[in-house]
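One structure is given below, encoded as structure tokens.
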Amino acid sequence: MPMTHPVGSVEYIDYAESSLIFNGKLENVRIVRRVTRMSCENWGLAASVTDLAVLLASEVAGNAVAASPNEPIRVDLRFSLGIFRFECWDVSPEMPASIDLSELADLPIDEMPEDGRGNGIVELTAHECGWLTRPDRPGKARWFTLAATPAPDPSEPGHPGPGPETRPHRQGGDAMP
């Protein structure tokens, strides 16, 4: 059960989690998007955080499906202490390609590589991201975190509305903050 505390007139969740195991088929990535969106919305996260979480979850889950077709894939979503964390486990030990998106800036669209852009997007926009392996579990997990602010409460007097969000990026680390 999520733990909550009030922020203004809205209950703000201190901790919550969701998990999903799905068959590694591309059409199942839409389920990951739906679960991610519903979780973020139920946890009261700002729309901009929710939209980014859905985009990055789709990229990560799509890579997991490509790495482990027709195999079980596990997704864990967690919200704790203002941090949203997405983790996607697949059974392949191979790390997907990643490219530096800044290297693509001057390329015509038809010359851009097909592989690696999704990981580049994750690396560019996530607060933190990385890879995780465990000796008791086959394969690997790709994870990312986002600094997650609560959705603005329009009923709060003098509420300025959503402000600019910053997403400092740091690759590495595997512990939930």
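The values are calculated or read from the model by the stated rules, or taken from the named source; none is laboratory data. Since the model is a prediction, treat every value here as computed from it, not as a measurement. Positions of Cβ are backbone-derived with ideal geometry, glycine not excepted, and every protein chain shown enters the neighbour counts.
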I need the full set of residues from region 120-155 which are modelled with pLDDT under 80 and surrounded by 13 or more Cβ atoms within 10 Å (Cβ to Cβ), in order please. G120, T149, P150, A151, P152, D153
Can you name every residue in region 31-77 that is without any contact (Cβ under 8 Å) to a residue 24 or more places away in the chain, closer than 17 Å to A16 by Cβ and acidic (D, E)? E41
Considering residues of region 40-67 that are at pLDDT 95 or above and polar (S, T, N, Q) only, the residue surrounded by the most Cβ atoms within 10 Å (Cβ to Cβ): T50
